[in-house]
Amino acid sequence: MANTSHLVQGQGTLSAMSDNSNSTDAEVFPPAYMFAYVTLLNVIIFVVGVIGNVMVLLVIVRMRTLRTRVNYFLASLSVSDLLVLVVCQPSAMLEFYTREKWLLGKVMCRLVPFLEHWTVHASVLTLLVIGMDRYVTICRPGAIAVALVVVIIAVVVIIVVVVVVLVVVVVVVVVVVVVAVVVVTAAAVVGSSSSSSSSNSSSSSSR
């Protein structure tokens with residue numbers, strides 16, 4: 001009897017554990033409205049960010065009176081923010097929609113976080129350079145300070161150019177992967193529908 005009671009208690013414990021695991025698995029996946037909410041928010045942030053930064057760049061490029069050192073820093077900051085939007089946001093959304101399953105392979109698994117950190121650091125370093133420029137202009141005017149600022153600008157420009165090249169490569173790869181996933185999914189759906197229709201026709205003919 002004691003063994004039987006232990007078995008019954010063990011089965012109850014196992015069933016409770018399975019129920020808890022099922023409930024935790026169900027809690028992991030967000031509800032449907034969360035996908036719509038996150039998508040809408042990210043679309044708004046992406047559109048507003050891209051339009052605002054592109055407008056800043058266009059104004060600085062088209063108006064010669066605005067081509068000053070400070071505005072060049074602002075243009076660099078706009079480019080950095082654009083890179084953050086282009087690199088960080090799509091990868092985060094991809095992980096959100098695929099439920100944290102990486103679909104882009106091992107190379108992109110290492111390259112995308114590297115680009116994410118690099119773009120964020122480019123934005124932060126641009127803000128740092130703007131602060132240093134203001135400090136030098138107000139407190140330490142002189143030839144040495146100007147040379148230092150020029151060197152810093154050159155370094156930032158090189159970093160931004162390299163990041164732009166890498167971002168173009170990443171965007172191309174992501175687009176190719178997304179198109180491949182869509183094509184494979186569509187082919188699977190068409191194949192399943194054709195197989196179900198053929199099975200229905202065979203069952204009707206057998207009747």
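A few points about this structure:
- Residue match in segment 55-74 (condition: within 22 Å of the chain's Cα centre (by Cα) and of a type outside the set (Lys, Arg)): no
- Taking segment 68-116 as the range and being more than 24 Å from THR39 (Cβ to Cβ) and either of a type in the set (A, V, I, L, M, F, W, C) or modelled with pLDDT under 75 (or both) as the test, the residues that pass are VAL70, PHE73, LEU74, ALA75, LEU77, VAL79, GLY105, VAL107, LEU111, PHE114.
- Residues in segment 32-89 that are among the β-branched types (Val, Ile, Thr) and either in contact with a His (Cβ under 9 Å, 6 or more places away or on another chain) or not in a helix (DSSP H, G or I) (or both): THR68 only.
- Taken as a whole, segment 30-38 holds no residue that is of a type in the set (Ser, Thr, Tyr) and closer than 22 Å to VAL167 by Cα.
- Scanning segment 138-145 turns up at least one residue that is out of contact with any helix residue (DSSP H, G or I) (no Cβ under 6 Å at 6 or more places or on another chain), modelled with pLDDT of 70 or more and among the hydrophobic types (A, V, I, L, M, F, W, C).
The values are calculated or read from the model by the stated rules, or taken from the named source; none is laboratory data. Everything quoted here is computed from the prediction, not taken from an experiment. Every residue, glycine as well, gets a Cβ built from its backbone with ideal geometry; the counts of neighbours run over all protein chains shown.
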